[in-house]
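Student: I'd like to ask you about the structure that follows.
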Amino acid sequence: MPKTDRWNWYVEEFAPTEQHQHAVSKLFFSGESAFQQIAVLETPVFGKMLVLDGDTQSSQGDEKIYHEALVHPALAAASDRREVLILGGGEGATLREVLRCPDVERVTMVDIDGLVVELSKKYLPEWADGAFENPRSRVIVGDALAFMRESSERFGVIISDLTEPLEDSPSNILFNEEVFALIKARLLEGGVYVLQASTSAFHNASLHAKMARTLRRHYRQVTSFSHHVPAFDTEWAFLACSDRVDVAALDAASIAAYCAKLRGESFFYDEQTHRRLFSLPLYLRRMLAAQGDTFS
Ligand code: SAM
């Protein structure tokens, strides 16, 4: 193991009393956009990483776990995959995963921060892997809220790949009843809305449970799923919402048929992984069933 005094450290603070430290082998960029603090760095274990406002967004080593989990269960379950909308998604890896599905005719990505997109193109091209230049991609630099208010388009799948709604984050305005209703209005009848929904680790799942409780007011099916993401150092959770399909109950044959048509090779997602993603521990099922805080 390297001696610790040889390294500079990126310290991710989960809470005032909890931290994860990554040794930094290279710093590509550190600065501030109009919306957030941005760092692109490299660590010996996870490779390159994007960090926004001190939070790890994704790492070269394990971004496929996060992005395949975010995209494929929802796309596999959706009955109409022709038009897909991504809210946020800066690095372009969510775009890349959506484009792997040949049924998708067009995918629109709306990210507020043009600098995150430019830095991702420059330093993290493996994430998008050409997705920004794909003729089926429409990339809009702008506020996702403004896009949804101004657009009358409807989508079979909406994917929210936004930063966590912390107080000073530009995504904070996107977590309230009005916006959840707006998202539903942009969804085709019976379509699927999926979002990255914070950690579901037992000691810190209150934000996840709050999102689930709020979304249950808008959709008949709101299903939590999760997997450990090593660079995040925690179990990471997602929510799949629909009035028509129960993403958790998707049968193995349908998942296999969906996976067979994806272009390129998957790293993480298949029928077995689907079962594992949707098999939740008792404590989490209890938390999700309990009454509590909601977004207003
Ligand atoms: N994997 C991530 C995580 O763990 O939080 C999320 C990935 S992605 C980098 C988050 C993106 O959401 C950022 O690029 C950020 O610019 C974008 N974003 C935040 N607020 C937004 C808003 N109001 N409209 C559009 N994009 C927004």
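The values are calculated or read from the model by the stated rules, or taken from the named source; none is laboratory data. Every value quoted in this text rests on a predicted model; they were computed, and no experiment measured them. Glycine gets a Cβ as well: all are built from the backbone with ideal geometry, and neighbour counts include every protein chain shown. What goes into the accessible areas is simple: the full protein's heavy atoms, side chains included, and nothing from ligands, DNA or RNA. Shrake-Rupley method; radii C 1.70, N 1.55, O 1.52, S 1.80 Å.
Student: Name the residue that is nearest to Tyr66 (Cα to Cα), counting only residues in the range 127-157 that are among the acidic types (Asp, Glu) and in a loop (DSSP other than H, G, I, E, B).
Tutor: Asp129
Student: For the range 235-272, give me the residue count where each residue is touching a residue at least 12 places away in the same chain (Cβ under 8 Å), of a type outside the set (A, V, I, L, M) and open to solvent by 20 Å² or more (accessible area, probe 1.4 Å).
Tutor: The qualifying residues number 15.
Student: If you go through the range 68-117 one residue at a time, how many are among the hydrophobic types (A, V, I, L, M, F, W, C), assigned to a helix (DSSP H, G or I) and open to solvent by less than 20 Å² (accessible area, probe 1.4 Å)? Show your work before the answer.
Tutor: First, the residues of the range 68-117 that are among the hydrophobic types (A, V, I, L, M, F, W, C): 69-71, 74-78, 84-87, 93, 95, 98-99, 101, 104, 107, 109-110, 112, 115-117.
Add one more test, that the residue is assigned to a helix (DSSP H, G or I), and what stays is 69-71, 74-77, 93, 95, 98-99, 115-117.
Okay, now just the ones that are also open to solvent by less than 20 Å² (accessible area, probe 1.4 Å), so 69-71, 74-77, 93, 95, 98-99, 116-117.
Count: 13.
Student: Since Thr294 meets every condition but one in (1) in the same structural domain as Ala69 (by TED's automatic domain parsing); (2) open to solvent by 20 Å² or more (accessible area, probe 1.4 Å); (3) of a type in the set (Val, Ile, Thr), which condition does it not meet?
Tutor: Every listed condition holds for Thr294 apart from (1).
Student: Residues being more than 8 Å from the ligand (Cβ to nearest atom) and either aliphatic (A, V, I, L, M) or more than 20 Å from Ser58 (Cα to Cα) (or both): count how many of those fall in the range 152-167.
Tutor: So the answer is 10.
Student: Sticking with this one: Kindly provide the set of residues from the range 175-192 that are away from the ligand (no atom under 13 Å from the Cβ) and in contact (Cβ under 8 Å) with a residue 60 or more places away in the chain, ordered by number.
Tutor: If the condition is that a residue be away from the ligand (no atom under 13 Å from the Cβ) and in contact (Cβ under 8 Å) with a residue 60 or more places away in the chain, then Glu177, Phe180, Arg186, Leu188, Gly190, Gly191, Val192 are the ones that fit.
Student: Can I ask one more? Which condition from (1) in contact with a helix residue (DSSP H, G or I) (Cβ under 9 Å, 6 or more places away or on another chain); (2) under 30 Å from Thr43 (Cα atoms) is the one that Leu174 breaks?
Tutor: (2)
Yes/no per residue for (1) of a type in the set (Gly, Ala, Ser); (2) away from the ligand (no atom under 15 Å from the Cβ); (3) touching a strand residue (DSSP E or B) at 6+ places or on another chain (Cβ under 9 Å):
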site	(1), (2), (3)
Ile173	no, no, no
Ser198	yes, no, yes
Asn204	no, no, yes
Met211	no, no, yes
His227	no, no, yes
Ala252	yes, yes, no
